[in-house]
Amino acid sequence: MSLFEPYTLPVSGVTLPNRLVLAPMTTYSGTPEGQISPGEVALLQRRAAGGFGTVITAACYVDRDGQAFVNQWGCDNDDKLDSLRKAASVIKAEGAIAILQIHDGGRMADPKVLREPAPRSASAVAAERQGYLEPRAMTAAEVEKSIADFAAAAKRAAVAGFDGVEIHGANTYLIQQFFSPHSNRRDDEWGGDLERRLRYPITLAKAVRAAVGDNFIVGYRFSPEEIENPGITFDDTLVLVDRLADCRLDYLHISLGNYAAGSMRDPQSTQRLSPLVIEKLAGRVPLMAVGGIETVEQAELPLQDGAELVALGRVALWEPDWPNKVKAGRTDLRQALPAKDGDIICTLPRPLYESIIQRAGWVKIAAE
């Protein structure tokens, strides 16, 4: 199987030009009102032009109270349609498939963006990280509204011209908070045992698909484990993906920091997690893999494991032409973000561009 072989998604029937996907990466570069910036539009366009067959945007909040980052963009109401159209149109103009990642930060909201004294989450349990506030528990009515907000955002993405949406159920944000036994201590229909903790993500995934119909891409991103105790175990995740496989999704996206690594909960286990997920899925839904992939050999490993799609993140920041160069057999791939601005990779302000890398612990910035 080649990285440059087209792939047709099973529900929407959309054919992706190749197996390479630009991973969603937050740039903190929107406006305070939740509009996309010209710099981020240029960043997306540049990478679509560089040969990524599919481009997934940075997380876009579906509810202003679910905003997680300073200068995050939004898709929470129709006044964002022009902003959304700008992103979708430039991606598609380069021949790539445009997917909007839809998101709610829950208890992981930056206190700087809160409109209330505390964020909201499944339960009033604070994250085990510095700088985050104890949230308040959402009411049942708020839970139902949240599901409706995701569905409405997906419809808005379709109106704006996107080819699909990716439901952000990973990286400790609200959807994962409902699935996690650490953040969900509820005793109603939306939490408690594993079965009830599954209800929110499964109901939400089905609601999004119902909102947009079958001719629109719907993907779902998940994190396979949590380090918190109690936290999500890999066994929990195998149940989750088994249920998601029945939700008429076009793909699942496993969120890993290092694709080749083993369990984050059990350092003694070096077994890669994706092949186990692929085995559980048994061909019912495609898997997209991500996690520190920079070289051709690293990109081919998920395909060898049985995944259908491969997402590249940080390497695409400093080498937007990665797909085109690899396809042409070129070896002059950038190894780091250039220290000088002579080669304009995108139009984000350079301090912000470097901060994206530094926030994630990425240090590949070339010396002068």
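The values are calculated or read from the model by the stated rules, or taken from the named source; none is laboratory data. Nothing here was measured: the structure is a model prediction, and the numbers come from that model. Don't worry about glycine lacking a Cβ; one is built from the backbone with ideal geometry, like all the others, and counts go over all protein chains shown. The protein model used for the area step is the full one, side chains on, heavy atoms only, and it has no ligands, DNA or RNA in it. Shrake-Rupley method; radii C 1.70, N 1.55, O 1.52, S 1.80 Å.
Here are some notes:
- In the chain, a dipole from Cβ-located charges (positive for Lys and Arg, negative for Asp and Glu) runs towards its positive end, and of TYR259, GLY50, GLY213 it is GLY50 whose Cα lies farthest in that direction.
- Student exercise, the chain dipole from Lys, Arg, Asp, Glu Cβ charges, in Debye to nearest 20: 460
- Most mobile of ALA157, ALA316, ALA261 in a GNM of the chain (Cα contacts under 10 Å): ALA261
- At the residue level, ARG248 shows approximately 120 square angstrom of accessible surface with a 1.4 angstrom probe and all protein chains present.
- Cβ-based charge dipole, the chain, positive-most Cα from THR172, LEU276, HIS182: THR172
- Label-point gap, in nm, between ASP246 and SER269 - each point 7 angstrom along Cα→Cβ: 2.4
- The chain: Cα Rg divided by the 2.2 N^0.38 Å rule of thumb: 0.93
- Kirkwood-based Rg to Rh ratio, segment 63-138, C-alpha trace: 1.10
- Distance from the Cα centroid of segment 152-197 to that of segment 89-107 is 18 Å (rounded to whole angstrom).
- Amide N of segment 270-309 lying under 20 Å from the label point, which is placed 7 angstrom from the Cα of SER2 along Cα→Cβ: 295-309
- Other residues with beta-carbon under 10 Å from the beta-carbon of ASN18 carry, at +1 per Lys or Arg and -1 per Asp or Glu, a net charge of +1.
- Share of carbon and sulfur in the accessible heavy-atom surface of the chain [1.4 Å probe, %]: 50
- Helical content of the chain, expressed as a calculated mean residue ellipticity at 222 nm, amounts to -9500 deg cm²/dmol (DSSP H runs of 4 or more residues, -39,500 (n - 2.57) each, divided by residue number, nearest 500).
- Listed residues GLU116, GLU297, GLU166, GLU354 arranged by accessible area, highest first, probe 1.4 Å: GLU297, GLU116, GLU354, GLU166
- Surrounding net charge for ALA137, when Lys and Arg each add one and Asp and Glu each subtract one, Cβ distance under 11 Å: +1
- Measuring spread by the Cα atoms of segment 169-249 yields a radius of gyration and Dmax of 12.5, 40 Å.
- Computed P(r) (all Cα pairs; segment 139-194; 5 Å bins; percent): 4, 17, 22, 22, 17, 9, 6, 3, 0
- Residue-normalised accessible area of the chain, expressed per residue, 1.4 Å probe, Å²: 39
- For the chain, a Gaussian network of Cα nodes joined below 10 Å ranks SER123, SER355, SER274 by mean-square fluctuation, and the top entry is SER355.
- Accessible area, probe 1.4 Å, largest first, for residues LYS206, LYS327: LYS327, LYS206
- Cα-projected label distance for LEU133 with ASP332, points at 7 Å along beta-carbon direction, nm: 5.2
- Shape analysis of segment 261-314 based on the Cα gyration tensor places the equivalent ellipsoid semi-axes at 17, 17, 9 Å, largest first.
- Largest first and in whole Å, the equivalent-ellipsoid semi-axes of segment 1-138 read 31, 17, 13, each the square root of five times a Cα gyration tensor eigenvalue.
- Annotation for segment 1-50 versus segment 217-247: alpha-carbon center distance of 23 Å.
- Where Rh is the Kirkwood radius over Cα pairs, Rg/Rh for segment 122-215: 1.01
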